[in-house]
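The values are calculated or read from the model by the stated rules, or taken from the named source; none is laboratory data. It should be emphasised that the depicted structure is a prediction, and the values quoted were computed from it without experimental measurement. A quick note on method: Cβ atoms are made from the backbone with ideal geometry, for glycine too, and the neighbour counts reach across all protein chains shown. Ligands, DNA and RNA are stripped out before the accessible areas are found, and what is left, the full protein with its side chains, is counted by its heavy atoms. Shrake-Rupley method; radii C 1.70, N 1.55, O 1.52, S 1.80 Å.
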Amino acid sequence: MLQTTPASAPVAIPHAEGVSNEEFRAAMARLAAGVVLVTAHDPDDGPRGEDVGMTATAFMSVSLEPPLVTVSLRNGSRMDDLLAEQPLWGVSMLADSQRHIAGRFSMKGRVSDRLLFEDIPNERGEVCGAPLIVGAPATLECRSEQRVVAGDHTLVIGRVLKVGLGSGEIGPLTYFKGRYRHLG
C-alpha cells in the first residue's frame, strides 16, 4: 500500500507485521526462479473444450516419495478456478529459447488462451490431456492432491504421474530481478 503526501514522493506503508508490499517484492525479486508453463484442459469450455495456460515462477518439488510438486496460483485466477474443478494438469519447464512462451502466457486480462497455443509446438499429455511444450527441458503430468489457501494465493500440490525429459543440453529459462534470464 502506498500513501502519498502533497509535497513528497509515495511512501511505502508497512503491513501490521512491518513489511510493505514493495519491500517484499524487492526482496523476492532477488531470488532466481525457474520458469514453467502450467497447462490444463477445460472440457466444459465449448464443444471441444479449451486449453488453458499460465506462466509460473512459484513452482517447486515437494517430495520424492511420493513424487509431489507445488505451484502457487493467484486466488480467483482462471487456472485456480479450473484446477478447483478438475484435478489434471501439466507442467513444461521452459528452455532459455522459450522466453516468448513465458511472456505470452503471463499477459493479464486475456479472454481466451486458444490463440496463444496456435503457433507453439505442443503435444497433448497422455495422462493429463493438457498441452505440453515441445522442446522443453522436462515436462510433468500431475494430479492435484491438495489445495492450501495461503494469503492471496493457493498452493496446489500435485502428484507427478508422468515425466518427459528433453535433451540434457537445453538450458533452463530463469527469472531474476523482474526479467527473464538464461544461465551462462
- [ ] Evaluate segment 117-137: report whether one residue or more is modelled with pLDDT of 95 or more, over 23 Å from H182 (Cα atoms) and within 15 Å of the chain's Cα centre (by Cα).
- [x] yes
Task: In segment 102-114, residue nearest to G49 (Cα to Cα) [restricted to those that are in contact (Cβ under 8 Å) with a residue 60 or more places away in the chain and in contact with a helix residue (DSSP H, G or I) (Cβ under 9 Å, 6 or more places away or on another chain)] - done: D113
Task: Cβ pairs under 8 Å, 6+ apart, first in segment 23-35 and open to solvent by 60 Å² or more (accessible area, probe 1.4 Å), second among the β-branched types (V, I, T) - done: A32/T174
TODO: Give segment 89-116 a look and list any residue that's at pLDDT below 95 and aromatic (F, W, Y), or say none.
DONE: F105
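Taking into account only those residues within segment 33-84 that are of a type in the set (D, E, K, R) and assigned to a strand (DSSP E or B), which is farthest from H153 (Cα to Cα)?
E50
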- [ ] List every residue pair whose Cβ atoms sit under 9 Å apart, with the two residues 6 or more apart in sequence or on different chains, where the first one lies in segment 168-184 and is of a type in the set (K, R) and the second, anywhere, is assigned to a strand (DSSP E or B).
- [x] R181/L173; R181/T174; R181/Y175
Open item on the list: Among the residues in segment 50-64, are any among the aliphatic types (A, V, I, L, M), open to solvent by 60 Å² or more (accessible area, probe 1.4 Å) and touching a Ser or Thr at 6+ places or on another chain (Cβ under 8 Å)?
Closed with: yes
Task: Positions within segment 115-129 being surrounded by fewer than 16 Cβ atoms within 10 Å (Cβ to Cβ), free of Cβ contacts under 8 Å to residues at least 24 places away in the same chain and part of a loop (DSSP other than H, G, I, E, B), in sequence order - done: E118, D119, P121
Open item on the list: Please go through (1) assigned to a strand (DSSP E or B); (2) more than 21 Å from R74 (Cβ to Cβ); (3) at pLDDT 95 or above; (4) not β-branched (V, I, T) for R181 and return the number of the only condition it doesn't satisfy.
Closed with: (3)
- [ ] Filter segment 65-92 for residues that are open to solvent by less than 50 Å² (accessible area, probe 1.4 Å) and polar (S, T, N, Q) and give the result.
- [x] T70, S72, S77, Q86, S92
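Could you grab me the full set of residues in segment 36-49 that are open to solvent by less than 60 Å² (accessible area, probe 1.4 Å) and out of contact with any His (no Cβ under 8 Å at 6 or more places or on another chain)? Please lay out each step first, then the result.
Of all residues in segment 36-49, those open to solvent by less than 60 Å² (accessible area, probe 1.4 Å) come to 36-42, 45-46, 49.
Correct list: V36, L37, V38, T39, A40, H41, D42, D45, G46.
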- [ ] Give the residues of segment 93-107 that are open to solvent by 50 Å² or more (accessible area, probe 1.4 Å) and over 25 Å from I157 (Cβ atoms), sorted by residue number.
- [x] D96, S97, R99, H100, R104, M107
